[in-house]
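To start, the structure under review is shown below, and the notes come after it.
The values are calculated or read from the model by the stated rules, or taken from the named source; none is laboratory data. Values in this document were obtained by computation on a predicted structure and should not be read as measured data. Heads up, the Cβs are rebuilt from the backbone with ideal geometry, glycines too, and the neighbour counts pull from every protein chain shown. All accessible areas refer to the heavy atoms of the entire protein, side chains included, with ligands and DNA or RNA removed. Shrake-Rupley method; radii C 1.70, N 1.55, O 1.52, S 1.80 Å.
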Amino acid sequence: MKDYLTTPHSSHLTPHTKIYVAGHRGLAGSAIVRGLEAAGCKNLLLRTHRELDLIDQAAVRSFFEGERPEIVVLAAAKVGGILANSMYPGDFIYENLMIQSNVMHWSRKTGVRRLLFLGSSCIYPRMAPQPMKEEYLLSGSLEPSNDAYAVAKIAGIKMCESFNRQFGTGFISVMPTNLYGPEDNFDLDNSHVLPALIRKFHEARTSGAPEVVVWGTGSPRREFLHADDMAAACVHLLDLPDTTYKDLVTQLKPCLINIGTGRDITIKDLAELVKEIVGYTGGILFDTSMPDGTPQKLLDISRLDGLGWKAKVSLRQGIADTYGWYKRYRAIQT
C-alpha cells in the first residue's frame, strides 16, 4: 500500500505547488481560487465544464494522467435549493456520485497527495441535536427534500475514508454551512435562501412592489458563512504541517471537519436584515404553504477551532458586500 502522506514533498502550499480546483467558477470554487492566490499559489489548474466534463471518466483520466496535480480541491457539484432538490433528485444523486468517484479515483491513481472534498451540512440527520457534531453523521434520517444530494455527499465522505484506509491517501472532507457571496446563484427557481432574498428585495425595491413573499413560516434557523471565510478555512487546512494533517486523516472518525461560524439566525430575522441592507421599505409576507425544511442547522465547529481557525466576516458585512456584487453583476448583464 502506497502512503501518500509520507512523500518527501513539503505539505505547505508554495507558489509552485500544482493545485487543481474542480468547480472553480462556482460560489465555493471561485472563493477557494481567490484564497489560494492570496496565499501565494500561482500554479493553479482550472478547467471549465466545457473543457473537462467530470462525469466523463475517460476525460478525467486523461486530465489527471497528463497534468499530475499534487493537491486537489473538489468543489465541483450539482447544487440547488429546496425546489431544485425536490424536482431533480435523480440528477442530483447521479451527477454528484459520478463527479466525486471520477475525481477521487484518478486522484488516487495518479498520486495526488492531498485532496479536500467539499460537502454540505445537509448530510446530517434532519433532527440531529444542535449544534451538529461531525460524529452525528449517519445517526438518523435525512431531510426528505434533499436526501438524494445528501446521500451523494455522504458517499463522498466515505470514499475519502475508504481510500485513506486502503491506499494511504491524504483525502479529507469538509462540511461548510450555508454559503453565500460573490458568484452565488441568484436564480429564484433553484437558488438558496440568502441569494433569493437579496434578489427578491432588490427587485421589489426597484419595482416599488408593496410586499415581498418569503417561503415558509420564517421560524427555521440557519447558519451562514461567507464564501471567502470558507475558502480561508480550506487554505488553512491544506497548509497544515505534515504531522498535523496526517493525524486528521488517520485519527478523525469520521474524517470530516465542519466549517461555520457557530452562530445561526431565523429566516424571519434574516429577511428583515436583507430588507434593511437593500433599503426596501415595503412589507414581508410569509407563505406558510411552502416548506420550511429542517427546523435548525447549526454546526459544531470545535474541531476547526482546535486547528486554529475562526470566521472573520460578519453576516451584516457579508450580505452588504454580496448585495454590492449582485448589483454590479446585474449591471454587467443588462
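Normalised per residue, the accessible area of the chain is 44 Å², obtained with a 1.4 Å probe and no contribution from ligands, DNA or RNA.
Ordering of 208-217, 68-77 by packing is 68-77, 208-217, highest average first (other Cβ atoms within 10 Å, averaged per residue). By the rule of a C-alpha distance below 18 Å, with chain neighbours fewer than 8 residues away ignored, the aspartates and glutamates paired with LYS268 are GLU211, GLU223, GLU276, ASP287, ASP292. Around the Cα centre of the range 80-183, unit charges on the Cβ atoms of Lys, Arg, Asp and Glu (plus for the first two, minus for the last two) sum to a dipole of about 480 debye. Computed per residue of the chain from DSSP H runs no shorter than four, each worth -39500 (n - 2.57), the mean residue ellipticity at 222 nm is -13500 deg cm²/dmol.
Here the range 168-225 was treated as a single set of alpha-carbon atoms; its pair distances binned every 5 Å from 0 give 4, 14, 20, 21, 16, 9, 5, 4, 3, 2, 1, 1 percent.
Relative to the present Cα-Cα distance, how much length would full extension add between THR244 and LYS327 at 0.36 nm per residue of separation?
Extra length available between THR244 and LYS327 comes to 25.7 nm.
Taking the range 166-271 on its own, what percent of its Cα-Cα pair distances exceed 17 Å? Tail of the P(r) past 17 Å holds 64 percent of the pairs.
Solvent-accessible area of the range 84-195 (1.4 angstrom probe, protein heavy atoms only): carbon and sulfur portion equals 53 percent.
In the P(r) worked out for the range 190-249, what percent of Cα pairs fall beyond 16 Å? Counting pairs separated by more than 16 Å, the tail of P(r) holds 65 percent. Mean sequence separation of contacting Cα pairs (under 8 Å, at least six apart), scaled by the length of the chain, corresponds to a relative contact order of 21 percent. Checking the table LYS42/LYS78; LYS133/LYS297; LYS18/LYS109; LYS158/LYS246 against a 21 Å threshold on Cα-Cα, which pairs fail? Where the Cα-Cα span goes over 21 Å, the pairs concerned are LYS42/LYS78. Here the label points at GLU211 and GLU135, each 7 Å from Cα along the C-beta direction, are separated by 4.8 nm in the simple model. In the range 77-192, a dipole from Cβ-located charges (positive for Lys and Arg, negative for Asp and Glu) runs towards its positive end, and of ASN146, THR110, MET98 it is THR110 whose Cα lies farthest in that direction.
Assigning unit charges at the beta carbon (Lys, Arg +1; Asp, Glu -1) and nothing else, what dipole magnitude in debye, to the nearest 20, does the range 255-330 show about its Cα centre?
380
Judged by the mean number of other Cβ atoms found within 10 Å, the most tightly packed of the peptides 267-280, 224-237 leads the ranking 224-237, 267-280.
Given their separation in residues at 0.36 nm each and the Cα-Cα distance between them, HIS16 and GLN57 gain 12.0 nm when the chain is fully extended.
Output the relative contact order of the range 122-251, whole-number percent, from Cα pairs under 8 angstrom with separation of 6+ residues. Here the relative contact order equals 21 percent. For the range 172-194, the residues whose backbone nitrogen is under 12 Å from a point 7 Å from the Cα of ASP91, taken along Cα to Cβ, are 189-191. For the chain, the longest principal axis of the C-alpha atoms and the axis of helix 242-251 are separated by about 80°. Residue ranking by accessible heavy-atom surface, 1.4 Å probe, largest first, among ARG222, ARG263 comes out as ARG263, ARG222. Rounded to the nearest 5, what % of the DSSP beta bridges within the chain are antiparallel ones? Percentage antiparallel, nearest 5: 5.
Taking label points 7 Å from Cα along the Cα-to-Cβ direction, LEU46 and ASP292 give a separation of 4.2 nm.
Solvent-accessible surface of protein heavy atoms, probed at 1.4 angstrom with all chains present, puts ARG108, ARG50 in the order ARG50, ARG108, largest first. Its convex hull of Cα atoms gives the chain a direction-averaged projected area, equal to a quarter of the hull surface, of 16.4 nm². Dipole magnitude for the chain: computed about the Cα centre from +1 point charges on Lys and Arg Cβ and -1 point charges on Asp and Glu Cβ, it is near 540 debye.
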